[in-house]
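Notes to accompany the following structure.
The values are calculated or read from the model by the stated rules, or taken from the named source; none is laboratory data. For clarity, every value in this text was computed on a predicted model and none was experimentally measured. Here the Cβ positions follow ideal geometry from the backbone for every residue, glycine too, while neighbour counts run over all protein chains shown.
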Amino acid sequence: MSNKPVNHIVIAGGGTAGWMTAAYLARWLEPTNIQVTLVESELIGTVGVGEATVPGIHQFIKHLGVKESEFIAATHATFKLGIEFEGWVAPEQTFFHPFAGYGVPIEDRPFHKTWWSAKQQGYSASLAEFCLCTQLAGAGKFAQPSFDPDSRLAWYNYAYHFDASLFAKYLRGYAEQRRVTRIEGKIQQVTLDPDSGFIQSLQLESGQVIGGDLFVDCSGMSALLIEKALGVGYEDWSQWLLSDSALAVQTRTVAEPDPFTRSTARSAGWQWHIPLQHRVGNGYVYSSQFISEDQARAELLANIEGERLTEPRLIRFTTGMRDHFWHKNCVAIGLSSGFLEPLESTSISLIQTGISKLAAFLVNFEINDQHVTEANRLNRLEYERIRDFIILHYKLNGRPEPLWQHVQAMDIPASLTEKIARFKATGDIQLLEQESFVEESWISMFAGFGLSPAALTPSRDSAKMHTVMDKMRAAIVKGREYAPSHADFLRTLGS
């Protein structure tokens, strides 16, 4: 087909996905005359569970051109240095996945190989001791990272925890100030062009008809446009990711907020703890094959702190992805595009990268079949890479309960099998196209779960290597002691 020009973009649905899309497009399209309209109904609730992010959120904030302090104040945000995994290896064992690497290369050898070699020779310091990000998190501290080339031990990244409803509200204000039109109403019918099959218009219950050239489906799991109107299928990944339910509850803050997300393994899944400035988000992601809703609710409520601000809310889901996230003149963003459980806080990240693909492949503001095909290819790879990283957590667990024994024994995708085998044989981390998680993240998982490579060649002068490593540890301790507490840092932003 010939290229289809786009002069009017219609977003179906609000919430985090809809207003992130609207805000991004409002900024991107400022120099153009392209119109953006968002249709949403206040009568339709949003999932609103995802309140934790990954460092890529910085690019989104930067694109909008807003100040970090303004964003944090508006969303009651806290800082996130990574994720603490409690009880995944054994009931009392904890490890940390930081947004950072470990040490610095010694004699051009990757640090993790130097450390594993030293460990095999009896060196006792843990890998976590060589990561300032991990040490800050453990001490409840936070400071803006330094990227001084001469201070590589101070290189780390961070993300945020924020109130998803306040985030959407903030983005709505931002978008409406930049020519985005919001229309209140529920979509009753989607009209397709009889020849091309493209979406022509949305008809609301009020009778209003909204035509457009490109439609963005942000209608959540209902997938009103991409599935119900266009018939695009969904690929189910529950053979690997067995969790199909989540209970979410908010509690009053009882302590200073940690600068990290906590994921605690439970009998049939895992529990999240996300500290905001004004409250705490809690939830239990579980498999209904191994526990009832009532049992899961009881287990969750027995393991939360502080007064309950809400009653536990049940969310059902099927892990997987849409066969195509872009079909004809419709792009699915957010839960309409797929769902990967929030174990590594990728839900908002996938919204962001979906929007970026839309912008990157809407070349000259035209819909082109070749560009759509490439966008879909990259989207699939991204989902598959994240899927494998999440499966890794389950596969390597050390728990005795039936769910955990099942996922230890299950077959896994060949792409993940190869990564694990490569690491065990050589210590190398195999990164593929469209990886969301960098080498350091895989290293933290392998080390955290106690997986080691085969014997590595020891350093020529082990004593010297140990001395260099000890100096790194000392420098990291000094950096940790210098930093303010997370709570104090947040207070400075409001002063």
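The table that follows gives values for the structure above.
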| item | result |
| --- | --- |
| Among residues of the stretch 237-250, those that are touching a Gly at 6+ places or on another chain (Cβ under 6 Å) and surrounded by fewer than 19 Cβ atoms within 10 Å (Cβ to Cβ), counted | 0 |
| Every pair of residues 6+ apart whose Cβ atoms lie under 7 Å, when the first sits in the stretch 62-75 and is touching a residue at least 40 places away in the same chain (Cβ under 8 Å) and outside any helix (DSSP H, G or I) while the second is β-branched (Val, Ile, Thr) and surrounded by 16 or more Cβ atoms within 10 Å (Cβ to Cβ) | none |
| Criterion (part of a helix (DSSP H, G or I), under 21 Å from Asp108 (Cα atoms), out of contact with any Gly (no Cβ under 8 Å at 6 or more places or on another chain) and in contact (Cβ under 8 Å) with a residue 12 or more places away in the chain) met by exactly one of Val468, Val477 | Val468 |
| Number of the exception - Gln120 against (1) in contact with a Ser or Thr (Cβ under 9 Å, 6 or more places away or on another chain); (2) modelled with pLDDT under 95; (3) crowded, with 16+ Cβ neighbours inside 10 Å | (3) |
| Every residue from the stretch 78-108 that is over 18 Å from His393 (Cβ atoms), without any contact (Cβ under 8 Å) to a residue 40 or more places away in the chain and either touching a helix residue (DSSP H, G or I) at 6+ places or on another chain (Cβ under 6 Å) or not in a loop (DSSP other than H, G, I, E, B) (or both) | Pro105 |
| Strands (runs of 3 or more DSSP E) completely within the stretch 216-306 that count 1 or more residues being under 22 Å from the mean Cα position of the chain (by Cα) and among the small types (Gly, Ala, Ser) | 245-251, 261-266, 269-275, 280-286 |
| Test: residue in the stretch 434-455 that is farther than 25 Å from Ile83 by Cβ, in contact (Cβ under 8 Å) with a residue 40 or more places away in the chain and crowded, with 17+ Cβ neighbours inside 10 Å | no |
| Filtered residue count, the stretch 307-336, keeping only those that are surrounded by 14 or more Cβ atoms within 10 Å (Cβ to Cβ) and either in contact with a Leu (Cβ under 7 Å, 6 or more places away or on another chain) or assigned to a strand (DSSP E or B) (or both) | 14 |
| The lone exception for Ala255 - which of (1) surrounded by fewer than 16 Cβ atoms within 10 Å (Cβ to Cβ); (2) over 27 Å from Tyr394 (Cα atoms); (3) among the small types (Gly, Ala, Ser); (4) at pLDDT 95 or above it fails | (4) |
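Residues checked against (1) at pLDDT 95 or above; (2) of a type in the set (S, T, N, Q); (3) touching a Cys at 6+ places or on another chain (Cβ under 6 Å); (4) closer than 30 Å to Ser444 by Cβ:
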{"residue": "Ser124", "(1), (2), (3), (4)": "no, yes, no, yes"}
{"residue": "Cys131", "(1), (2), (3), (4)": "yes, no, no, yes"}
{"residue": "Phe142", "(1), (2), (3), (4)": "yes, no, no, yes"}
{"residue": "Asp148", "(1), (2), (3), (4)": "no, no, no, yes"}
{"residue": "Trp155", "(1), (2), (3), (4)": "no, no, no, yes"}
{"residue": "His161", "(1), (2), (3), (4)": "yes, no, no, yes"}
{"residue": "Arg172", "(1), (2), (3), (4)": "yes, no, no, no"}
{"residue": "Ile183", "(1), (2), (3), (4)": "yes, no, no, no"}
